[in-house]
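Heads up: the structure comes next, in C-alpha cells.
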Amino acid sequence: MSRRVVVTGSGALCAAGAHCADIWAAACAGHSALTTLSDWGASRRGGVVEIDARTLVEDRKLPKLLRRSDMYGLYAAARAIDDAGLIAYRDTLADRAVATFNDRTGVFVGAGGSAYQNQYDFFPLLDVAGDDLPTFGRELPATVNPMWLLRSLPNNVLCHVGIRFGFKGANACITNHSVSGLLAVSEAASAIRAGEVERAVAIGHDAPVEPQAVLYFERLGLLATECVRPFDAARSGSLLGDGAGALLLETAEGAAARGATVLGEILGSGCASEAGHLLAIREDGDGLARAMTAALDDAGLDAADVGMIVAHGNGTRRSDASEAAAIGSVFGAAAPPVTAFKWAFGHLIAAAGVVESVLALHALRAGVVPGIATLREVDPACAHLPVLSAAQAPRSDVALILSRGFAGMNVVLAVRAAHGGRLP
Amino acid sequence: MTRPRVAVTGIGLVTPLGNDTATTWAALLGARSGVAPVAGFDASGFPVRIAAEVKGFDARAVIDDRKLLKYANRYHGFALAAAEEALRDAGVRPAATTATRWGCVVGSGMMGVDLGELQQVHRRAVVDGALQPARLLADGSLADPVAFCRSQTNAGLGLLVQRFGIAGYASSVHTACASGGQAIGTAAKLIRRGIADHVLAGGFDSMINPIGLAGFCLLGALSADNDAPERASRPFDATRNGFVLGEGAGFLILEAWTHAVARGARIYAELAGDGNSLSSYRITDSHPSGDGPIQAMRQGLADAGIAADAIDYLNAHGTSTLMNDRSECAAVHAVFGAHAGRIAVSSTKSLMGHLIAAAGAVEAGITALAVHHGTLPVNANLVERDPECDLDFICGTPRARPVRAALSNAFGFGGSNSCLVLRHPEADR
C-alpha cells in the first residue's frame, strides 16, 4: 500500500545564491561562485555564502544558540515551507485539525556543521588553563558560554524547525557525512509512503568552509587549487562549499486536495555501503551501482526510463572515475545525459544532495541539462559518460541524483518532474 | 501483503555496569550502581566530579585488528565490542553472499576532536583566544589524518560496516538522547520495507571527557552529589537534582521474523512498534503536559497494533531531572489512563547513568532482556516519592512478572522522542 509522494516546495542557499531560481540561473550560465578565501594566508578557494548568517533567521535571539550551518538550514527550510504555501493552508484549518496537521508533519534533516570551529569557544579557557585540567574545570563556568553544548547539538535545525513551525511528527537527524541530505529526503519520502506522516520537510545543511576542515582535506589530497572539474582528465580535487537545501514533500492526494503546485515526484531511493575504510572508494563503483539499481527497483523503473543523471561529480580522481564505472555498469553504453553541480558552488557535504535535487527538478522542468562549465577534456576513463560543457536535453522527465560520502556510503534518489504544477 | 515482523535475536552491551550483556544484566538485577568519582581524567576542578564510566575496557580484547582500532576512539571501541557481542549472541553474521542484505543504523554521539588535538591547535595557531587561520594552515604538524577520520560524523558507522562487512543500507543518526532509540526504529523499518533481512542497530557515546563534561556542567544539567555518587541518579525521587553522565554502547541484531524462525534462532522479543515524535517546545525541556512523548507512545502502540492495556513494563527515559521525570509521568497517565497504575516502571539510569546517544539503544536491549526473562530491573534510589510521579515503580528488588509487551522510551535535547514497543515472541497478537 504505497502512496505517491510529491514535492510542493523548495529552498536553497549556497555561494551561487539565496534562491533556487538564482542558483539554477548561475549554473545554466556557466558561472562558478567559488572564490578565494580572504585572510587565510596562501590562496585557498571555496564556496561561501556572502549573506550574514544571522540575518537569515527571523528570531533575533536565535543566532546565539545556533551555528552558521544551522542558520542556513533554518533559512532553506523556511523557504521550502513558504514556497509550498503550507502555513497559509494550515491557517485555514480549525484548531483540532491544526493539531492533527502538526502531529502528522515530519522533519527530516541531514546535518553537517562546522565541527571544529564549534570547539573554539574553549580557546579563551585554554588561554587560562593551558594543559592544567583542574584549572580548566575551575575556570570553566566563568569563561565558556553556558549555552555551548546546545549550540553544538547536531540536531539544532530539527529542533528549531519544529519550534518555529509547530511540526511534531516523525523525525530524523542524519549525520552520515555527504549522503546525509539525500538520505533525509529518502527517509522523509519513505515515512510519507508508509503512512507515518502526511507531509514532511527534508533539509540538508552544512558549513564545511572552516580552516581546520580545509587543512585536513588538503593534507589528504582531496582539494583542488583552482576549480572543480568533474570527469575532466585534468581534475585535481574538490572544493568545499557552505549551504543548505530543503524540499517540502507530501502525499499526492494531500497536495491535490489543497490545490498545491506540484514541482515533481519522489519515485524511489537506494542506499548502499561499500564496507571499506572511511576514506576508501572501490574502483568499480560497486556501492554506487547497487544504490542506483536499488533506487530503480524501488521506483519501478528500468534504466532506459532515466532521462538524466545528476552525478556526485566531486572532482577528485578516484571518486569521479569510480562513479563513471558505476554508471557504466548500470547503463552500459546507453547512459542518459549526465551533469554535476559541484563546480558551480563547491561540495556542500551534508547539504549537497538536497541542493542538487532542487536543481535536478529545475532541469527536468526546463528540459535543460546544464553543462559542466569547467569541463575541458573528458577523462578517457569517463569517455562513456554523456558529459558536456554545453547544455543537453534530458531523455525523459525522470532524473537520478547521486550522493556519495565517507565510509563508502552511496545514496541515489529517483525523481520525476511535474509540468505546469501537476503530475503527468 | 502483511508487513514483515521484526525479531530481536542478538544483544550486545558495553555499559558502566559491565563490559558485556551478562555482566550488565547481573549488576542491574543486583542493583549495583555504576556511578563513581571520575577516574578517566583529573576532574577535581569541575563542579561535577562523578560519572558512570565503563571500567577496565580494552577494545583489543574483543576486536583483533590493531589497524582498525587506530581509527577508533573510546566510544568507537565500545561500539565495535557491543556489535561483536550482538552478532555472536545472534549466531548470524554478514557473509559474502548476504552482505548486501545486511543494514547498519547507529545513533552516534556528537563529534569533534578530542581535547589533546584542540590543545595542539591552541598552542600553535591561537592568539588571545582567537584562531589565526593563516597560521593554522601553514603548520604542517596540525593535520593528523587519523584525528580527522575519528572526528567524522559517520566514523563509527564506517568502522562497523568495515569490520563486519555490511554492504546494504547504512546510516548514522543523532537526536541527542533519543539517538539510540531512533536508530533502532529506523532499522526496523528497513526490514519492514524489505530492503534488509538483518540490521545491526544500536548506539554508542562517551561524553565523559573534559569537553563533554564541561558542556553538561555549563548547562547545570548534572547532579553535583559528588559525595554520594551511588545515590546521585535517583529518577522520580522528590530530591533528585540532575542526571549522571554515563557512557557505553548497545547493539541489537534485528532480523526478519521468517529468517529468524527458519534458522531456529532464539528470539528475545518482537520489535513490534516504533513511535517517533517531535516536542517542538523548548530545546532542553519537555512540555509539562507530556506533549511530544504522548504522541510517541501512542504511535508506538498503534504501529504495533497493541492495546494500551497489554503493556506490562515501561523502561522509562527517567533521567532524574525534575522536568523530564514529571513530564514523562504526565505522558504515561495521558496515554494509559486507568492502566497507567498497572504498568511496572523503572529507569535503569538510576544505576548506569545517562548514556546520551547510546541510552535508547542500551535500554532497548535491557527491555528486550526483561521481556525475555520476565524479570524487571529496579528503579534504584527511589526513597522519597514525588507526588507528581505517581506510577508503579519497581523498588528494592527486581520484580518477577511475565511481560506481554513493554515500552522503552528515549527523549532527547532538541525535542525528539522515541518509543520502542517490544512484545514477547509468544504473546497473543
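FYI, it's all coordinate maths here, none of it is from the lab. Worth saying up front: this structure is predicted, and the values here are computed from it rather than measured. Every residue, glycine among them, receives a Cβ derived from its backbone with ideal geometry; neighbour counts consider all protein chains shown.
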- [ ] Tally the residues that are in contact with a strand residue (DSSP E or B) (Cβ under 9 Å, 6 or more places away or on another chain), more than 13 Å from A:M292 (Cβ to Cβ) and not polar (S, T, N, Q), restricting the search to region A:317-360.
- [x] 21
- [ ] Please go through region A:190-216 and pick out each residue that is of a type outside the set (V, I, T), buried (at least 24 other Cβ atoms within 10 Å of the Cβ) and within 22 Å of A:V98 (Cα to Cα).
- [x] A:A191, A:R199, A:A200, A:A202
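When you look at B:G34, is it more than 22 Å from B:E363 (Cα to Cα), assigned to a loop (DSSP other than H, G, I, E, B) and in contact with a helix residue (DSSP H, G or I) (Cβ under 7 Å, 6 or more places away or on another chain), yes or no?
Working: more than 22 Å from B:E363 (Cα to Cα): no; assigned to a loop (DSSP other than H, G, I, E, B): yes; in contact with a helix residue (DSSP H, G or I) (Cβ under 7 Å, 6 or more places away or on another chain): yes.
No: the conditions fail for B:G34.
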- [ ] Please work out if A:F108 is part of a helix (DSSP H, G or I) and within 14 Å of chain B (Cβ to nearest Cβ).
- [x] no
Task: Residue tally, condition at negative phi and facing chain A (nearest Cβ under 7 Å), over region B:137-166 - done: 17
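Conditions (1) surrounded by fewer than 21 Cβ atoms within 10 Å (Cβ to Cβ); (2) among the hydrophobic types (A, V, I, L, M, F, W, C); (3) facing another protein chain (nearest Cβ under 7 Å); (4) on the phi > 0 side of the Ramachandran plot, marked per residue:
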residue	(1), (2), (3), (4)
A:D127	yes, no, yes, no
A:P134	yes, no, yes, no
A:T143	yes, no, no, no
A:W148	yes, yes, yes, no
A:L158	no, yes, yes, no
A:G221	yes, no, no, yes
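Find the residue count for region B:198-247, including only residues that are more than 18 Å from B:E53 (Cα to Cα) and buried (at least 22 other Cβ atoms within 10 Å of the Cβ). Outline the logic, then answer.
Of all residues in region B:198-247, those more than 18 Å from B:E53 (Cα to Cα) come to B:198-202, B:218-220, B:235-241.
Within this subset, residues satisfying the condition of being buried (at least 22 other Cβ atoms within 10 Å of the Cβ) are B:198-202, B:235-237, B:240.
The qualifying residues number 9.
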- [ ] Would you please name the residue that is nearest to B:F413 (Cα to Cα), looking only at residues in region B:169-195 that are at the interface with chain A (Cβ under 7 Å from one of its Cβ atoms) and in a strand (DSSP E or B)?
- [x] B:T175
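Scanning for something over 24 Å from A:R151 (Cβ atoms) and either buried (at least 23 other Cβ atoms within 10 Å of the Cβ) or not hydrophobic (A, V, I, L, M, F, W, C) (or both), does region B:278-285 turn up at least one residue? Steps first, please.
The first filter runs over region B:278-285 and keeps only residues over 24 Å from A:R151 (Cβ atoms), leaving none.
Scanning region B:278-285 turns up no residue that is over 24 Å from A:R151 (Cβ atoms) and either buried (at least 23 other Cβ atoms within 10 Å of the Cβ) or not hydrophobic (A, V, I, L, M, F, W, C) (or both).
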Open item on the list: Here are the criteria: (1) within 13 Å of chain B (Cβ to nearest Cβ); (2) farther than 25 Å from A:A366 by Cβ; (3) not in a strand (DSSP E or B). Tell me which single one A:A272 does not satisfy.
Closed with: (3)
Open item on the list: Looking at A:A255 and the list (1) surrounded by fewer than 23 Cβ atoms within 10 Å (Cβ to Cβ); (2) not in a strand (DSSP E or B), which single condition is not satisfied?
Closed with: (1)
TODO: Check A:V49, A:V98, A:V109 and return the single one that is over 21 Å from A:E356 (Cβ atoms) and in contact with a helix residue (DSSP H, G or I) (Cβ under 8 Å, 6 or more places away or on another chain).
DONE: A:V98
Task: Filter result (on the phi < 0 side of the Ramachandran plot and facing chain A (nearest Cβ under 9 Å)) within region B:208-236 - done: B:P210, B:I211, B:G212, B:L213, B:A214, B:G215, B:F216, B:C217, B:L218, B:L219, B:A221
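Of everything in region A:61-96, what is outside any helix (DSSP H, G or I) and farther than 19 Å from A:G243 by Cα? Give them in sequence order. Step through it out loud before you land on a result.
Initially, region A:61-96 is screened for residues outside any helix (DSSP H, G or I), giving A:61, A:66-67, A:84-85, A:91-94.
Matches in region A:61-96: A:K61, A:A84, A:G85, A:D91, A:T92, A:L93, A:A94.
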